[in-house]
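The values are calculated or read from the model by the stated rules, or taken from the named source; none is laboratory data. Every value quoted in this text rests on a predicted model; they were computed, and no experiment measured them. For neighbour counting, all protein chains shown are included, and Cβ atoms are generated from backbone atoms with ideal geometry for every residue, glycine included.
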Amino acid sequence: MNKIVATLVLVLLTTPALAGRAVDDIQVDDPWVREMPPNMNTSAGFLTLVNRGRVDHSLIAARSPLVGSVELHTHINDKGVMRMRPVREMKVPAGGRTELKPGGLHLMLMRIKRTFKAGDKVPVTLIFEDGSRMTIEAEVRRFDMMMQGGMRQQMPMKMAH
């Protein structure tokens, strides 16, 4: 009986340490938001999530006090037309990384309360599958910066939402 109790206590004490919380395991690199074109009230956020832990995590939501809503999105190629689609989660594998970048996974910032200009900082709270939260500041960058590095060549000319 004592061995069973000791084993149970050991399992209960070590399981949380092995599981890791997303906020302890996830590192956020280079968060940025696209500068808004004139007369727009939407933008997109990009970053890299690096999982330094030993268990998989998932980004399941995001919030910002400067916008009405934030959705997790990706782009898909639908018969030659790039379309944005919401996703339920963005998986970050143990020991791996997930990139949110133009033309791929991204944070869709909607109903923006004020215009974002290059150099501004946008607070964004990332929410993970275990309920943990991490607030970051994303720098607003000019739209043409995202088009550098061959982005124009990777994306078909047609775009649709």
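In the stretch 22-47, the qualifying residues are those that are surrounded by fewer than 20 Cβ atoms within 10 Å (Cβ to Cβ) and polar (S, T, N, Q), and the one that is farthest from Ser64 (Cα to Cα) is Asn39.
For the stretch 80-111, which residues satisfy the criterion of being free of Cβ contacts under 8 Å to residues at least 40 places away in the same chain and within 10 Å of the chain's Cα centre (by Cα)? Lys91, Leu105 - these are the residues of the stretch 80-111 that are free of Cβ contacts under 8 Å to residues at least 40 places away in the same chain and within 10 Å of the chain's Cα centre (by Cα). Listed here are the strands (runs of 3 or more DSSP E) enclosed by the stretch 1-100 that have at least 2 residues being farther than 22 Å from Phe128 by Cα and modelled with pLDDT under 90: 67-78, 81-86. One residue alone among Ile127, Ile112, Ile76 is in contact with a strand residue (DSSP E or B) (Cβ under 9 Å, 6 or more places away or on another chain) and surrounded by fewer than 15 Cβ atoms within 10 Å (Cβ to Cβ), and that residue is Ile76.
Name every residue in the stretch 101-116 that is in a loop (DSSP other than H, G, I, E, B) and under 20 Å from Asp29 (Cβ atoms), in order of residue number.
First pass over the stretch 101-116, keeping only residues in a loop (DSSP other than H, G, I, E, B): 101-105, 113-116.
Within the stretch 101-116, Lys101, Pro102, Gly103, Gly104, Leu105 meet the criteria.
Selection of first residues in the stretch 53-79 that are on the phi < 0 side of the Ramachandran plot and of second residues that are among the basic types (Lys, Arg) and not in a strand (DSSP E or B), restricted to Cβ pairs under 7 Å at least 6 apart or on distinct chains, gives the following pairs, ordered by first then second residue: Leu66/Lys113; Leu66/Arg114; Val67/Lys113.
Yes or no: the stretch 133-141 includes at least one residue that is of a type in the set (Lys, Arg), touching a residue at least 24 places away in the same chain (Cβ under 8 Å) and surrounded by 15 or more Cβ atoms within 10 Å (Cβ to Cβ).
Yes, the stretch 133-141 has at least one match.
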